[in-house]
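In what follows, a structure is listed as C-alpha coordinates, so that the remarks can point back to it.
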Amino acid sequence: TTHLVWFRADLRVNDNLALAAACRRPEARVIGLFIATPQQWREHHLAPRQAAWIQAHLHSLQLSLAERGIPLTVLDVDDFAASVDALENFCDEHNVDALFYNYQYELNERQRDAAVEKRLGDTLVCQGFDDYVLLAPGSVTTGNHEMYKVFTPFSRAFIKRLHEGLPECVNAPAVRQSGPLPTPAPFKPFDYPQTEPDADLFPPGEAAALNRLRQFCRQSLADYDKKRDYPAIDGTSRVSPWLAIGVLSPRQCLHRLLREHPDALSGGTGAVWLNELIWREFYLHVLAYWPALCRYKPFIPWTDRVQWNNDEAQFIAWCEGKTGYPIVDAAMRQMNTTGWMHNRLRMIVGSFLVKDLLIDWRRGERYFMSQLVDGMLAANNGGWQWVASTGHDAAPWFRIFNPTTQGERFDPQGDFVRQWLPELKDIPGKAVHQPWLWAQKQGVTIDYPHPIVEHKQARVATLAAYEAARKQ
Ligand code: FAD
(Lines give C-alpha, C1' and ligand atoms only; values in the text may rest on other atoms or scores of the structure.)
Protein backbone atom coordinates (compact mmCIF):
# COMPACT_ATOMS: atom_id res chain seq x y z
CA THR A 1 0.00 0.00 0.00
CA THR A 2 1.05 3.56 -0.68
CA HIS A 3 0.34 6.38 1.77
CA LEU A 4 0.63 9.96 0.62
CA VAL A 5 1.22 12.82 3.07
CA TRP A 6 0.13 16.13 1.58
CA PHE A 7 2.13 18.80 3.43
CA ARG A 8 0.66 22.31 3.65
CA ALA A 9 1.17 24.41 6.82
CA ASP A 10 2.96 21.63 8.72
CA LEU A 11 6.51 21.63 7.37
CA ARG A 12 8.08 19.41 10.02
CA VAL A 13 8.79 15.77 10.83
CA ASN A 14 8.40 16.03 14.63
CA ASP A 15 4.92 15.98 16.11
CA ASN A 16 3.19 15.93 12.74
CA LEU A 17 -0.10 14.07 13.18
CA ALA A 18 -0.73 13.33 9.49
CA LEU A 19 2.83 12.15 8.91
CA ALA A 20 2.81 9.97 12.03
CA ALA A 21 -0.50 8.37 11.02
CA ALA A 22 0.74 7.69 7.48
CA CYS A 23 3.83 5.97 8.88
CA ARG A 24 2.03 3.84 11.45
CA ARG A 25 1.97 0.69 9.30
CA PRO A 26 5.61 -0.32 8.85
CA GLU A 27 5.07 -2.07 5.52
CA ALA A 28 3.37 0.90 3.82
CA ARG A 29 5.28 2.89 1.23
CA VAL A 30 5.11 6.52 2.42
CA ILE A 31 5.60 9.43 0.04
CA GLY A 32 5.16 13.18 0.54
CA LEU A 33 3.91 16.04 -1.61
CA PHE A 34 3.86 19.83 -1.36
CA ILE A 35 2.04 21.90 -3.97
CA ALA A 36 3.03 25.55 -4.30
CA THR A 37 0.18 27.76 -5.57
CA PRO A 38 1.73 31.14 -6.52
CA GLN A 39 -1.44 32.58 -8.06
CA GLN A 40 -3.39 31.76 -4.92
CA TRP A 41 -0.61 33.24 -2.83
CA ARG A 42 -0.87 36.47 -4.82
CA GLU A 43 -4.59 36.60 -4.04
CA HIS A 44 -3.80 36.01 -0.36
CA HIS A 45 -1.03 38.67 -0.40
CA LEU A 46 1.55 36.19 0.87
CA ALA A 47 4.73 38.03 1.85
CA PRO A 48 7.76 37.31 -0.36
CA ARG A 49 9.54 36.77 2.96
CA GLN A 50 7.13 34.02 3.91
CA ALA A 51 7.48 32.48 0.43
CA ALA A 52 11.26 32.30 0.93
CA TRP A 53 10.72 30.97 4.46
CA ILE A 54 8.46 28.19 3.10
CA GLN A 55 10.94 27.34 0.39
CA ALA A 56 13.87 27.10 2.82
CA HIS A 57 11.87 24.82 5.09
CA LEU A 58 10.78 22.61 2.22
CA HIS A 59 14.43 22.00 1.46
CA SER A 60 15.15 20.96 5.03
CA LEU A 61 11.95 18.92 5.21
CA GLN A 62 12.91 17.11 2.02
CA LEU A 63 16.27 16.18 3.56
CA SER A 64 14.80 15.04 6.90
CA LEU A 65 12.19 12.95 5.12
CA ALA A 66 14.79 11.41 2.78
CA GLU A 67 16.82 10.32 5.82
CA ARG A 68 13.70 8.43 6.90
CA GLY A 69 13.13 6.86 3.50
CA ILE A 70 10.27 9.18 2.50
CA PRO A 71 10.61 11.06 -0.81
CA LEU A 72 9.06 14.55 -0.95
CA THR A 73 7.91 15.91 -4.31
CA VAL A 74 7.36 19.67 -4.71
CA LEU A 75 5.01 20.78 -7.48
CA ASP A 76 4.29 24.33 -8.61
CA VAL A 77 0.81 25.05 -10.06
CA ASP A 78 -1.36 28.19 -10.22
CA ASP A 79 -4.03 28.08 -7.59
CA PHE A 80 -6.02 25.81 -5.30
CA ALA A 81 -8.28 24.58 -8.12
CA ALA A 82 -5.18 23.51 -10.05
CA SER A 83 -3.76 21.89 -6.91
CA VAL A 84 -6.77 19.57 -6.74
CA ASP A 85 -6.08 18.40 -10.31
CA ALA A 86 -2.38 18.03 -9.60
CA LEU A 87 -3.09 16.00 -6.49
CA GLU A 88 -5.46 13.69 -8.36
CA ASN A 89 -2.88 13.07 -11.10
CA PHE A 90 -0.17 12.47 -8.54
CA CYS A 91 -2.32 9.91 -6.71
CA ASP A 92 -3.05 8.10 -10.01
CA GLU A 93 0.59 8.08 -11.04
CA HIS A 94 1.81 6.76 -7.71
CA ASN A 95 -1.07 4.35 -7.02
CA VAL A 96 -1.88 6.05 -3.75
CA ASP A 97 -4.25 4.13 -1.47
CA ALA A 98 -4.60 6.60 1.37
CA LEU A 99 -4.15 10.37 1.66
CA PHE A 100 -3.13 12.02 4.94
CA TYR A 101 -3.18 15.74 5.63
CA ASN A 102 -3.54 18.24 8.45
CA TYR A 103 -6.55 20.52 8.30
CA GLN A 104 -6.37 24.20 7.45
CA TYR A 105 -9.23 26.35 8.67
CA GLU A 106 -9.39 29.25 6.20
CA LEU A 107 -12.33 29.29 3.81
CA ASN A 108 -10.51 28.79 0.47
CA GLU A 109 -8.41 26.05 2.00
CA ARG A 110 -11.49 24.29 3.35
CA GLN A 111 -13.24 24.54 0.00
CA ARG A 112 -10.16 23.05 -1.67
CA ASP A 113 -10.12 20.16 0.81
CA ALA A 114 -13.84 19.55 0.33
CA ALA A 115 -13.21 19.39 -3.44
CA VAL A 116 -10.39 16.89 -2.88
CA GLU A 117 -12.52 14.63 -0.70
CA LYS A 118 -15.34 14.77 -3.23
CA ARG A 119 -13.02 13.96 -6.12
CA LEU A 120 -10.84 11.31 -4.45
CA GLY A 121 -12.96 10.09 -1.54
CA ASP A 122 -14.47 7.19 -3.54
CA THR A 123 -11.15 5.79 -4.71
CA LEU A 124 -8.92 6.29 -1.72
CA VAL A 125 -9.08 6.88 2.01
CA CYS A 126 -8.72 10.58 2.96
CA GLN A 127 -7.75 11.30 6.56
CA GLY A 128 -7.52 14.81 8.01
CA PHE A 129 -6.11 15.82 11.40
CA ASP A 130 -6.48 18.82 13.72
CA ASP A 131 -2.75 19.37 13.96
CA TYR A 132 -2.40 23.18 13.67
CA VAL A 133 -4.28 23.72 16.94
CA LEU A 134 -4.14 22.41 20.50
CA LEU A 135 -7.87 21.63 20.52
CA ALA A 136 -10.04 21.14 17.45
CA PRO A 137 -12.19 24.11 16.40
CA GLY A 138 -15.74 23.42 17.50
CA SER A 139 -14.62 21.46 20.56
CA VAL A 140 -14.57 24.40 23.00
CA THR A 141 -18.04 25.89 23.06
CA THR A 142 -20.58 27.51 25.37
CA GLY A 143 -23.29 25.52 27.16
CA ASN A 144 -25.43 26.08 24.02
CA HIS A 145 -22.75 24.53 21.81
CA GLU A 146 -21.95 27.88 20.27
CA MET A 147 -18.56 29.46 19.78
CA TYR A 148 -17.56 32.04 22.40
CA LYS A 149 -17.71 35.60 21.13
CA VAL A 150 -15.15 36.98 23.57
CA PHE A 151 -11.82 35.68 24.72
CA THR A 152 -11.91 35.42 28.52
CA PRO A 153 -14.66 32.78 28.92
CA PHE A 154 -13.19 30.91 25.94
CA SER A 155 -9.82 30.87 27.61
CA ARG A 156 -11.32 29.63 30.90
CA ALA A 157 -13.15 26.80 29.12
CA PHE A 158 -10.02 26.03 27.11
CA ILE A 159 -7.86 25.65 30.22
CA LYS A 160 -10.50 23.46 31.80
CA ARG A 161 -10.29 21.18 28.77
CA LEU A 162 -6.51 21.07 29.05
CA HIS A 163 -6.84 20.04 32.70
CA GLU A 164 -9.01 17.13 31.56
CA GLY A 165 -6.32 15.91 29.18
CA LEU A 166 -3.39 17.38 27.28
CA PRO A 167 -3.04 16.89 23.52
CA GLU A 168 0.04 14.69 23.22
CA CYS A 169 2.98 15.15 20.87
CA VAL A 170 3.82 12.35 18.44
CA ASN A 171 7.37 11.30 17.54
CA ALA A 172 9.07 11.88 14.23
CA PRO A 173 8.70 8.71 12.13
CA ALA A 174 11.45 6.08 12.23
CA VAL A 175 13.43 5.19 9.10
CA ARG A 176 11.18 3.17 6.75
CA GLN A 177 11.96 -0.47 6.02
CA SER A 178 13.27 0.57 2.59
CA GLY A 179 16.06 2.56 4.31
CA PRO A 180 17.19 6.16 3.80
CA LEU A 181 17.12 7.72 0.32
CA PRO A 182 20.00 9.45 -1.44
CA THR A 183 20.17 13.22 -0.92
CA PRO A 184 17.42 14.68 -3.14
CA ALA A 185 18.21 17.08 -5.98
CA PRO A 186 17.05 20.62 -5.13
CA PHE A 187 13.66 21.55 -6.58
CA LYS A 188 13.19 24.63 -8.69
CA PRO A 189 12.34 27.90 -6.89
CA PHE A 190 8.64 28.82 -6.79
CA ASP A 191 7.31 31.20 -9.39
CA TYR A 192 6.83 33.87 -6.70
CA PRO A 193 8.93 36.80 -5.48
CA GLN A 194 11.12 35.88 -2.53
CA THR A 195 12.99 37.89 0.07
CA GLU A 196 15.23 36.06 2.52
CA PRO A 197 14.26 36.61 6.17
CA ASP A 198 17.03 37.77 8.52
CA ALA A 199 18.85 34.51 9.34
CA ASP A 200 20.17 35.86 12.67
CA LEU A 201 16.68 36.58 13.93
CA PHE A 202 15.03 33.62 12.28
CA PRO A 203 17.46 30.81 11.50
CA PRO A 204 15.60 28.27 9.36
CA GLY A 205 14.95 24.67 10.36
CA GLU A 206 13.10 22.56 12.89
CA ALA A 207 16.14 22.30 15.13
CA ALA A 208 16.52 26.09 15.20
CA ALA A 209 12.83 26.51 16.05
CA LEU A 210 13.03 23.99 18.90
CA ASN A 211 16.20 25.65 20.17
CA ARG A 212 14.60 29.06 20.25
CA LEU A 213 11.55 27.64 22.02
CA ARG A 214 13.69 25.83 24.60
CA GLN A 215 15.92 28.84 25.20
CA PHE A 216 12.93 31.15 25.62
CA CYS A 217 11.10 28.80 28.01
CA ARG A 218 14.22 28.30 30.12
CA GLN A 219 15.68 31.77 30.18
CA SER A 220 13.03 34.38 29.45
CA LEU A 221 9.63 32.97 30.23
CA ALA A 222 9.73 33.73 33.93
CA ASP A 223 9.95 37.47 33.11
CA TYR A 224 7.60 37.38 30.14
CA ASP A 225 4.71 39.13 31.87
CA LYS A 226 7.00 41.99 32.94
CA LYS A 227 8.88 42.39 29.67
CA ARG A 228 6.51 41.42 26.89
CA ASP A 229 5.18 44.93 26.27
CA TYR A 230 8.56 46.60 25.75
CA PRO A 231 9.75 46.34 22.16
CA ALA A 232 13.31 47.43 22.98
CA ILE A 233 13.68 44.22 25.03
CA ASP A 234 13.96 40.72 23.59
CA GLY A 235 11.17 39.65 25.94
CA THR A 236 8.88 37.53 23.75
CA SER A 237 9.51 34.13 22.20
CA ARG A 238 9.61 35.22 18.53
CA VAL A 239 8.49 31.72 17.54
CA SER A 240 5.57 33.01 15.43
CA PRO A 241 7.32 32.57 12.03
CA TRP A 242 7.88 28.86 12.67
CA LEU A 243 4.39 28.39 14.10
CA ALA A 244 2.76 30.13 11.13
CA ILE A 245 4.01 27.61 8.56
CA GLY A 246 4.03 24.69 10.97
CA VAL A 247 7.75 24.13 11.46
CA LEU A 248 6.78 24.17 15.12
CA SER A 249 3.50 22.91 16.55
CA PRO A 250 1.44 24.48 19.33
CA ARG A 251 1.66 21.14 21.19
CA GLN A 252 5.45 21.40 21.21
CA CYS A 253 5.08 24.91 22.68
CA LEU A 254 2.64 23.74 25.33
CA HIS A 255 4.73 20.75 26.43
CA ARG A 256 7.96 22.71 26.51
CA LEU A 257 6.23 25.38 28.59
CA LEU A 258 4.87 22.81 31.04
CA ARG A 259 8.18 21.01 31.28
CA GLU A 260 9.92 24.22 32.40
CA HIS A 261 6.97 25.69 34.31
CA PRO A 262 4.55 22.95 35.38
CA ASP A 263 2.28 25.44 37.20
CA ALA A 264 1.45 27.44 34.08
CA LEU A 265 -1.84 25.60 33.66
CA SER A 266 -2.90 26.55 37.17
CA GLY A 267 -2.10 30.25 36.84
CA GLY A 268 1.57 30.04 37.96
CA THR A 269 4.68 31.20 36.08
CA GLY A 270 4.13 30.87 32.36
CA ALA A 271 0.35 31.36 32.55
CA VAL A 272 0.56 34.66 30.66
CA TRP A 273 2.43 33.05 27.78
CA LEU A 274 -0.04 30.16 27.76
CA ASN A 275 -2.73 32.80 27.44
CA GLU A 276 -1.07 34.05 24.23
CA LEU A 277 -1.06 30.54 22.79
CA ILE A 278 -4.77 30.44 23.61
CA TRP A 279 -5.31 33.75 21.73
CA ARG A 280 -3.90 31.98 18.70
CA GLU A 281 -6.37 29.14 19.25
CA PHE A 282 -9.22 31.59 19.82
CA TYR A 283 -8.71 33.30 16.48
CA LEU A 284 -8.45 29.96 14.67
CA HIS A 285 -11.64 28.68 16.32
CA VAL A 286 -13.41 31.96 15.54
CA LEU A 287 -12.35 31.82 11.89
CA ALA A 288 -13.52 28.25 11.52
CA TYR A 289 -16.88 29.10 13.11
CA TRP A 290 -17.54 32.34 11.18
CA PRO A 291 -16.15 31.79 7.67
CA ALA A 292 -17.43 35.26 6.63
CA LEU A 293 -14.34 36.60 8.44
CA CYS A 294 -12.34 35.20 5.53
CA ARG A 295 -14.45 37.28 3.15
CA TYR A 296 -13.37 40.69 4.43
CA LYS A 297 -16.41 40.92 6.69
CA PRO A 298 -16.25 42.56 10.11
CA PHE A 299 -17.59 40.51 12.99
CA ILE A 300 -19.76 43.45 14.16
CA PRO A 301 -21.94 44.30 11.14
CA TRP A 302 -22.57 48.00 11.84
CA THR A 303 -18.85 48.75 11.64
CA ASP A 304 -19.04 48.01 7.91
CA ARG A 305 -20.88 51.32 7.55
CA VAL A 306 -17.99 53.46 8.83
CA GLN A 307 -17.09 55.98 6.12
CA TRP A 308 -13.36 55.42 5.74
CA ASN A 309 -11.05 58.17 4.69
CA ASN A 310 -8.97 56.32 2.12
CA ASP A 311 -6.28 58.96 1.71
CA GLU A 312 -3.60 57.35 -0.45
CA ALA A 313 -0.75 59.65 0.60
CA GLN A 314 -1.45 59.01 4.28
CA PHE A 315 -1.66 55.27 3.69
CA ILE A 316 1.71 55.30 1.93
CA ALA A 317 3.24 57.38 4.73
CA TRP A 318 2.02 54.75 7.19
CA CYS A 319 3.39 51.85 5.10
CA GLU A 320 6.78 53.52 4.74
CA GLY A 321 7.06 54.60 8.37
CA LYS A 322 6.86 58.34 7.64
CA THR A 323 3.87 59.46 9.69
CA GLY A 324 5.80 61.78 12.02
CA TYR A 325 4.87 59.62 15.04
CA PRO A 326 8.17 57.97 15.99
CA ILE A 327 6.80 54.81 17.63
CA VAL A 328 4.58 54.13 14.61
CA ASP A 329 7.38 54.80 12.13
CA ALA A 330 9.97 52.74 14.01
CA ALA A 331 7.53 49.83 14.19
CA MET A 332 6.70 49.94 10.49
CA ARG A 333 10.38 50.02 9.63
CA GLN A 334 11.01 47.05 11.90
CA MET A 335 8.39 45.08 9.96
CA ASN A 336 9.48 46.32 6.53
CA THR A 337 13.07 45.33 7.32
CA THR A 338 12.68 42.06 9.24
CA GLY A 339 9.19 40.76 8.44
CA TRP A 340 8.31 40.70 12.14
CA MET A 341 6.83 43.29 14.48
CA HIS A 342 6.46 43.24 18.25
CA ASN A 343 2.86 42.61 19.42
CA ARG A 344 2.50 45.90 21.32
CA LEU A 345 3.58 47.73 18.17
CA ARG A 346 1.14 45.81 15.98
CA MET A 347 -1.58 47.19 18.23
CA ILE A 348 -0.18 50.73 18.13
CA VAL A 349 0.33 50.95 14.35
CA GLY A 350 -3.00 49.23 13.73
CA SER A 351 -4.81 51.65 15.97
CA PHE A 352 -3.01 54.56 14.32
CA LEU A 353 -4.03 53.49 10.82
CA VAL A 354 -7.66 52.92 11.73
CA LYS A 355 -8.36 55.40 14.51
CA ASP A 356 -6.01 58.27 13.65
CA LEU A 357 -6.02 58.06 9.86
CA LEU A 358 -9.51 56.52 9.66
CA ILE A 359 -8.27 54.20 6.94
CA ASP A 360 -10.12 50.91 6.35
CA TRP A 361 -8.56 48.22 8.62
CA ARG A 362 -8.62 45.75 5.71
CA ARG A 363 -5.93 47.78 3.93
CA GLY A 364 -3.73 47.44 7.00
CA GLU A 365 -4.49 43.75 7.27
CA ARG A 366 -3.46 43.25 3.64
CA TYR A 367 -0.28 45.29 4.01
CA PHE A 368 0.72 43.28 7.07
CA MET A 369 0.19 40.01 5.17
CA SER A 370 2.40 41.28 2.35
CA GLN A 371 5.26 41.96 4.79
CA LEU A 372 5.06 39.47 7.65
CA VAL A 373 7.15 36.32 7.77
CA ASP A 374 4.64 35.10 10.40
CA GLY A 375 1.58 36.21 8.40
CA MET A 376 -1.38 34.01 9.27
CA LEU A 377 -4.95 34.88 8.31
CA ALA A 378 -6.62 33.99 11.62
CA ALA A 379 -4.27 35.94 13.92
CA ASN A 380 -3.83 38.81 11.49
CA ASN A 381 -7.53 39.23 10.84
CA GLY A 382 -8.28 38.79 14.54
CA GLY A 383 -5.63 41.36 15.47
CA TRP A 384 -6.87 43.88 12.91
CA GLN A 385 -10.49 43.47 13.90
CA TRP A 386 -9.39 43.90 17.51
CA VAL A 387 -7.61 47.20 16.84
CA ALA A 388 -10.44 48.43 14.63
CA SER A 389 -13.11 47.48 17.21
CA THR A 390 -14.95 45.53 14.52
CA GLY A 391 -14.32 42.11 16.03
CA HIS A 392 -14.19 40.11 19.21
CA ASP A 393 -12.71 42.67 21.56
CA ALA A 394 -14.53 43.14 24.83
CA ALA A 395 -13.34 46.78 25.05
CA PRO A 396 -15.61 49.52 23.68
CA TRP A 397 -15.10 50.88 20.17
CA PHE A 398 -14.42 54.38 21.49
CA ARG A 399 -11.14 53.38 23.15
CA ILE A 400 -8.41 55.02 21.08
CA PHE A 401 -4.66 54.76 21.68
CA ASN A 402 -2.66 57.96 21.83
CA PRO A 403 0.44 57.16 19.74
CA THR A 404 2.68 59.58 21.64
CA THR A 405 1.82 58.38 25.13
CA GLN A 406 1.92 54.74 23.95
CA GLY A 407 5.47 55.40 22.78
CA GLU A 408 6.43 57.08 26.05
CA ARG A 409 4.93 54.27 28.06
CA PHE A 410 6.26 51.25 26.21
CA ASP A 411 9.56 52.66 24.95
CA PRO A 412 10.30 54.85 27.98
CA GLN A 413 13.96 55.52 27.13
CA GLY A 414 13.28 55.82 23.39
CA ASP A 415 15.79 53.04 22.62
CA PHE A 416 13.53 51.21 20.21
CA VAL A 417 12.75 54.38 18.26
CA ARG A 418 16.41 55.36 17.96
CA GLN A 419 17.30 51.84 16.79
CA TRP A 420 14.93 52.07 13.81
CA LEU A 421 14.97 55.80 13.09
CA PRO A 422 18.63 56.78 12.76
CA GLU A 423 17.53 60.32 11.82
CA LEU A 424 16.46 60.75 15.46
CA LYS A 425 19.50 59.10 17.04
CA ASP A 426 20.75 62.31 18.68
CA ILE A 427 17.53 63.03 20.57
CA PRO A 428 17.97 61.80 24.14
CA GLY A 429 15.62 59.70 26.28
CA LYS A 430 11.91 59.93 25.87
CA ALA A 431 12.11 63.32 24.16
CA VAL A 432 12.48 61.24 20.99
CA HIS A 433 8.73 60.61 21.06
CA GLN A 434 8.08 64.30 20.34
CA PRO A 435 11.04 65.15 18.14
CA TRP A 436 9.65 68.47 16.84
CA LEU A 437 9.12 69.79 20.32
CA TRP A 438 12.70 68.87 21.17
CA ALA A 439 14.03 70.42 17.94
CA GLN A 440 12.17 73.64 18.64
CA LYS A 441 13.59 73.87 22.17
CA GLN A 442 17.09 73.16 20.92
CA GLY A 443 16.69 75.50 17.97
CA VAL A 444 17.79 72.83 15.50
CA THR A 445 16.21 71.28 12.42
CA ILE A 446 15.68 67.56 12.01
CA ASP A 447 15.29 65.39 8.93
CA TYR A 448 12.01 63.86 10.02
CA PRO A 449 8.41 64.42 8.85
CA HIS A 450 5.93 66.53 10.82
CA PRO A 451 2.96 64.50 12.15
CA ILE A 452 0.63 63.82 9.22
CA VAL A 453 -2.41 64.24 11.48
CA GLU A 454 -2.98 65.86 14.82
CA HIS A 455 -4.03 63.12 17.23
CA LYS A 456 -6.68 65.04 19.18
CA GLN A 457 -8.49 66.20 16.06
CA ALA A 458 -8.20 62.79 14.42
CA ARG A 459 -9.67 61.17 17.50
CA VAL A 460 -12.73 63.42 17.39
CA ALA A 461 -13.28 62.75 13.68
CA THR A 462 -12.99 58.98 14.20
CA LEU A 463 -15.41 58.94 17.10
CA ALA A 464 -17.90 60.87 14.95
CA ALA A 465 -17.47 58.47 12.00
CA TYR A 466 -18.00 55.39 14.20
CA GLU A 467 -20.94 57.00 15.97
CA ALA A 468 -22.58 57.90 12.65
CA ALA A 469 -22.18 54.32 11.40
CA ARG A 470 -23.59 52.88 14.60
CA LYS A 471 -26.67 55.12 14.51
CA GLN A 472 -27.50 54.53 10.87
P1 FAD B 1 4.78 35.60 22.01
O2 FAD B 1 4.37 36.76 22.80
O3 FAD B 1 6.00 34.87 22.44
O4 FAD B 1 3.54 34.59 21.96
C5 FAD B 1 3.70 33.21 21.63
C6 FAD B 1 2.82 32.83 20.47
O7 FAD B 1 1.45 33.02 20.81
C8 FAD B 1 3.03 33.64 19.22
O9 FAD B 1 4.12 33.16 18.47
C10 FAD B 1 1.70 33.48 18.51
O11 FAD B 1 1.63 32.27 17.82
C12 FAD B 1 0.72 33.45 19.66
N13 FAD B 1 0.19 34.78 19.92
C14 FAD B 1 0.69 35.74 20.72
N15 FAD B 1 -0.11 36.81 20.75
C16 FAD B 1 -1.13 36.56 19.92
C17 FAD B 1 -2.27 37.28 19.52
N18 FAD B 1 -2.56 38.50 20.00
N19 FAD B 1 -3.11 36.71 18.64
C20 FAD B 1 -2.85 35.47 18.16
N21 FAD B 1 -1.79 34.75 18.50
C22 FAD B 1 -0.94 35.27 19.37
N23 FAD B 1 0.35 36.76 14.90
C24 FAD B 1 0.71 35.89 13.94
O25 FAD B 1 1.21 34.80 14.25
N26 FAD B 1 0.51 36.19 12.62
C27 FAD B 1 -0.04 37.37 12.21
O28 FAD B 1 -0.22 37.58 11.00
C29 FAD B 1 -0.40 38.31 13.22
N30 FAD B 1 -0.91 39.53 12.88
C31 FAD B 1 -1.28 40.42 13.87
C32 FAD B 1 -1.86 41.65 13.51
C33 FAD B 1 -2.25 42.56 14.50
C34 FAD B 1 -2.87 43.89 14.08
C35 FAD B 1 -2.06 42.23 15.86
C36 FAD B 1 -2.47 43.21 16.93
C37 FAD B 1 -1.50 41.02 16.21
C38 FAD B 1 -1.11 40.10 15.25
N39 FAD B 1 -0.53 38.85 15.58
C40 FAD B 1 -0.18 37.96 14.59
C41 FAD B 1 -0.41 38.43 16.99
C42 FAD B 1 0.92 38.76 17.69
O43 FAD B 1 1.29 40.10 17.47
C44 FAD B 1 2.07 37.84 17.23
O45 FAD B 1 1.66 36.50 17.29
C46 FAD B 1 3.29 38.00 18.13
O47 FAD B 1 3.74 39.33 18.12
C48 FAD B 1 4.39 37.06 17.68
O49 FAD B 1 5.55 37.25 18.44
P50 FAD B 1 6.06 36.15 19.45
O51 FAD B 1 6.17 34.83 18.75
O52 FAD B 1 7.29 36.68 20.09
O53 FAD B 1 4.87 36.09 20.49
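Can you work out which of the residues in segment 192-233 that are assigned to a loop (DSSP other than H, G, I, E, B) and farther than 28 Å from residue 36 by Cα is nearest to the ligand (Cβ to nearest atom)? Per the criteria, the residue is 228. Checking each residue in segment 375-392 for being in contact (Cβ under 8 Å) with a residue 60 or more places away in the chain and not small (Gly, Ala, Ser) picks out 376, 377, 381, 385, 390, 392.
The selection criterion, being within 16 Å of the ligand (Cβ to nearest atom), open to solvent by 10 Å² or more (accessible area, probe 1.4 Å) and not acidic (Asp, Glu), holds for residue 280. Listed by first and then second residue, the pairs with beta-carbon distance under 6 Å, at least 6 apart or on different chains, first residue in segment 213-242 and farther than 18 Å from residue 334 by Cα, second among the basic types (Lys, Arg) and in a helix (DSSP H, G or I), are 213/256; 217/256. Within segment 288-326, which residues are hydrophobic (A, V, I, L, M, F, W, C) and within 17 Å of residue 368 (Cα to Cα)? Answer for segment 288-326, where residues must be hydrophobic (A, V, I, L, M, F, W, C) and within 17 Å of residue 368 (Cα to Cα): 293, 294, 315, 316, 317, 318, 319.
Okay, residues lined up against (1) buried (at least 18 other Cβ atoms within 10 Å of the Cβ); (2) in contact with a Gly (Cβ under 6 Å, 6 or more places away or on another chain); (3) within 23 Å of residue 336 (Cα to Cα); (4) of a type in the set (Lys, Arg):
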site: 397; (1), (2), (3), (4): yes, no, no, no
site: 401; (1), (2), (3), (4): yes, no, yes, no
site: 410; (1), (2), (3), (4): yes, no, yes, no
site: 421; (1), (2), (3), (4): yes, no, yes, no
site: 425; (1), (2), (3), (4): no, no, yes, yes
site: 438; (1), (2), (3), (4): yes, no, no, no
site: 444; (1), (2), (3), (4): no, no, no, no
site: 461; (1), (2), (3), (4): no, no, no, no
site: 464; (1), (2), (3), (4): no, no, no, no
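Among the residues of segment 86-136, the ones that are within 17 Å of residue 35 (Cβ to Cβ) and small (Gly, Ala, Ser) come to 4 in all.
Tell me the residue from 115, 18, 47 that is at pLDDT 95 or above and open to solvent by 10 Å² or more (accessible area, probe 1.4 Å), please. Reasoning before the result, please.
Working: 18 fails: open to solvent by 10 Å² or more (accessible area, probe 1.4 Å); 47 fails: open to solvent by 10 Å² or more (accessible area, probe 1.4 Å).
After ruling out the rest, the residue left standing is 115.
On inspection, residue 347 passes the criterion of being in a helix (DSSP H, G or I), over 27 Å from residue 193 (Cβ atoms) and either within 12 Å of the ligand (Cβ to nearest atom) or open to solvent by 10 Å² or more (accessible area, probe 1.4 Å) (or both).
There is no residue in segment 238-252 that is basic (Lys, Arg), more than 10 Å from the ligand (Cβ to nearest atom), open to solvent by 50 Å² or more (accessible area, probe 1.4 Å) and out of contact with any strand residue (DSSP E or B) (no Cβ under 7 Å at 6 or more places or on another chain). The set of residues in segment 359-383 that are more than 8 Å from the ligand (Cβ to nearest atom), open to solvent by 20 Å² or more (accessible area, probe 1.4 Å) and over 17 Å from residue 47 (Cα atoms) contains only 360. For segment 156-191, give me each residue that is among the aliphatic types (A, V, I, L, M), in a loop (DSSP other than H, G, I, E, B) and in contact (Cβ under 8 Å) with a residue 12 or more places away in the chain. Answer for segment 156-191, where residues must be among the aliphatic types (A, V, I, L, M), in a loop (DSSP other than H, G, I, E, B) and in contact (Cβ under 8 Å) with a residue 12 or more places away in the chain: 166, 170, 172, 174, 175, 181. The listed residues are 124, 75, 134, 120, and the only one of them that is touching a residue at least 60 places away in the same chain (Cβ under 8 Å) and among the hydrophobic types (A, V, I, L, M, F, W, C) turns out to be 134.
The values are calculated or read from the model by the stated rules, or taken from the named source; none is laboratory data. Because the structure is a prediction, the values reported are computed rather than measured. Here the Cβ is made from the backbone with ideal geometry for all residues, glycine too, and neighbour counts use every protein chain on show. For accessibility, only protein heavy atoms count, side chains too; no ligands or nucleic acids. Shrake-Rupley method; radii C 1.70, N 1.55, O 1.52, S 1.80 Å.
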